[in-house]
1. In whole percent, what relative contact order does the stretch 162-207 give with Cα contacts below 8 Å and a gap of six or more residues?
2. Determine the dipole magnitude for the stretch 3-156: charges of +1 sit on the beta-carbon of Lys and Arg, -1 on that of Asp and Glu, nothing else is charged, the reference point is the Cα centre, and the result goes in debye to the nearest 20.
3. May I ask you to compute the full-extension gain from GLU355 to ASP69, defined as 0.36 nm times their residue separation minus their alpha-carbon distance, rounded to one decimal in nm?
4. Given Cα pairs under 8 Å that are at least 6 residues apart, what percent is the relative contact order of the chain?
5. Solvent-accessible area per residue for the chain at a 1.4 Å probe radius, Å²?
6. Run the accessible area of the stretch 1-48 with a 1.4 Å probe and give the carbon-and-sulfur part as a rounded percent.
7. What is the stretch 227-295's relative contact order, in percent, from Cα pairs under 8 angstrom and six or more apart in sequence?
8. If I fit a long axis through the Cα atoms of helix 117-134 and take the longest principal axis of the Cα atoms of the chain, what angle between them do I get, 0 to 90°, rounded to 10?
Amino acid sequence: MSSSERVIIFDTTLRDGEQSPGASMTGEEKLRIAKALERLKVDVIEAGFAIASPGDFAAVKAIADTIKDSTVCSLARALDADIERAAEALAGANSARIHTFIATSPIHMQHKLRMAPDQVVEQAVRAVRKARNLCADVEFSCEDAGRSELDFLCRIIEAAIDAGARTINIPDTVGYAIPHQYGELIAQLLARIPNADKAIFSVHCHNDLGLAVANSLAAVAAGARQVECTINGLGERAGNAALEEVVMALRTRQDLFGLSTRIETEHILAASRLVSGITGFPVQPNKAIVGANAFAHESGIHQDGVLKHRETYEIMSAESVGWNTNRMVLGKHSGRAAFRSRLEALGIGFASDTELNAAFARFKELADRKHEIFDEDLQALVTDTLAAEMPEPFKLSDLAVTSRMGEVPVARLVLNLNGVEREAQAQGSGPVDATFKAIESLVHSQATLQLYSVNAITQGTDSQGEVTVRLEKDGRIVNGNGADTDIIVASAKAYLNALNLMQAGARKAHPQVSGI
Ligand code: KIV
Ligand code: ZN
């Protein structure tokens, strides 16, 4: 197939996705997601914004050093220091890309950059040249292209291509575009820019009006051949275009687009679950492709139709995106080899035998309490095991909760605080409230609870509960996760995980806020 018949899938879950408030991930979690993206056969993985913080740099570097089958990319503002840091982080990659950007809309140039249009063009050209000296594959983005003037876009893009950019990205940064108008913008750029044939045109749409996927598809219909997207549509504010929706729309309506992607769609659900578990952002049940109800037929007429002939009400098969395959996997008699091989099939590897052994011990413990272990249980178990490996100033040693109808619940717990065991007891309006109050009576974090959510990881009352706790303190937001068959224990673990992350986290720069 010629490259013009293929759409390049550029995943930015680890960069723009991580800009969702509360979605920050550890380096190890990012690496795990990068491996799942590689297994999905994503063409380009935007691994982060290397200059943002030492942690971001380390994550981009670890991903660049590990991933072999996808291009690994780092974001960089149009500044020498950013570009040099990106190149340094990407040095070990099999295939690397530097993605440099500058804002091009009148409102951004005037109020954010405080630069004249001529200066912006000059800076963009300098940045692309600099990046090309360090990396053969350079992408240039016109931030806020959706609100930029067409003539100015033509001018800066022509100059960026002349300077060596081989991918030109047209972001709808603020989610302002409407499909037919955005498609027309891409068509105009392709028609008017004299050297447009020397670059691949890319789109990057935000979902503020719920149109990110529709805008991306309109752009593809107009000639764009790269789509920037994220798993579950994670991303800044209302998020980015959802990878699973873009890919399945192109595949299901191949008749219309005549285009394909390299994505191995049967791994989509596992990737979605992994990202949701790590970030603590649950997937809504009616979410297209990966929501629990995406393939569930409730009405009798629909059920009857599907039973007689699936295509009466289904436009794609659940199996094609990973539903219903290998649901039940392991039990308490399964050995280490089966455990390791199932994790490998899920794209989860371990850095050392010690990590594998720790996860296997937890698996055995879980299998004693829970008869059937599903893929989702394994993913939660690995997240839990690896969270326990990070420095944990606050650890749960013991927890007992009494909860009886008509009585005030009481939580008694023992925490290990930096190596010292301390006991506490508290009452609350419910058992979870009592547990959090008991923890706070020892930790005094002064953080505010922003979100508490419990999801059953699998079906049935023996399911593990996966709890997310979002805490905020001094403008910093963290998500803690915990899983257990006892949801009060899961809640305590999630709360402590959030407190530990809060202790560990360093602030990092935001690419679009820090001006040039
Ligand atoms: O939304 C945006 O404009 C971006 C750019 C940095 C590509 O994320
Ligand atoms: Zn963005």
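1. Details: 38 pairs, mean separation 30.6, N = 46.
Relative contact order for the stretch 162-207 comes out at 67 percent.
2. 140 debye
3. Working: separation 286, 0.36 × 286 = 102.96 nm, distance 2.47 nm.
Extra length available between GLU355 and ASP69 comes to 100.5 nm.
4. Relative contact order, the chain: 12 percent.
5. 42 Å²
6. Solvent-exposed carbon and sulfur of the stretch 1-48 make up 52 percent of the total.
7. Working: 70 pairs, mean separation 16.7, N = 69.
Result for the stretch 227-295 is 24 percent.
8. 70 degrees
The values are calculated or read from the model by the stated rules, or taken from the named source; none is laboratory data. Because the structure is a prediction, the values reported are computed rather than measured. Cβ: placed from backbone, ideal geometry, glycine included. Neighbour counts: every protein chain shown. We work out accessible area using only protein heavy atoms, side chains counted, and drop any ligands, DNA or RNA first. Shrake-Rupley method; radii C 1.70, N 1.55, O 1.52, S 1.80 Å.
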